[in-house]
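One structure is given here, and the rest of the page talks about it.
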Amino acid sequence: QLQASRGGLVQPGGSLRLSCAASGSNFIINALGWYRQVPGKQRELVAVITRGGNRNYADSVKGRFTISRANAKNTVYLQMNSLKPEDAAVYYCYADVLGGVRHWGQGTQVTVSS
């Protein structure tokens, strides 16, 4: 089970940190990441971090977002800085566990507006 933190309303240029914790099973987590989705559009991969710490970002968030993880806590974080109105979306965390199964967290709404 993945439990994401609550999103929120942020002004343009502001910051927000999301977290997502996995619990309930003793599985080995490989990659952790975040997608986002706005109504009428496909879900977009925002950032992913492997167990070894390799990171990849969508071009639209490079230099503004940082993904990190705490393996001991089975938790992934997404630090979002310099937020833009186009970053507004429902954000979903996921965990790829050993065996190739992907688990999803519940979506959390991020609104960027003045």
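Quick note: the coordinates plus some simple rules give every number you see, no bench work behind them. Everything quoted here is computed from the prediction, not taken from an experiment. Here Cβ is always computed from backbone atoms with ideal geometry, including for glycine, and neighbour counts include all displayed protein chains.
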Net charge contributed by nearby residues that have their C-beta within less than 10 Å of V90 (K/R +1, D/E -1): +2
Calculated Rg and Dmax of region 50-114 using C-alpha coordinates, Å: 13.2, 44
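I need the calculated FRET efficiency for the pair V97 and L9, taking r as the beta carbon distance and R₀ as 30 Å, to the nearest 0.05. Write down the numbers at each step before the final one.
Working: r = 33 Å, r/R0 = 1.09.
E(calc), rounded to 0.05, equals 0.35.
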Virtual spin-label span in nm between N81 and N30, 7 Å along Cα→Cβ: 3.1 nm
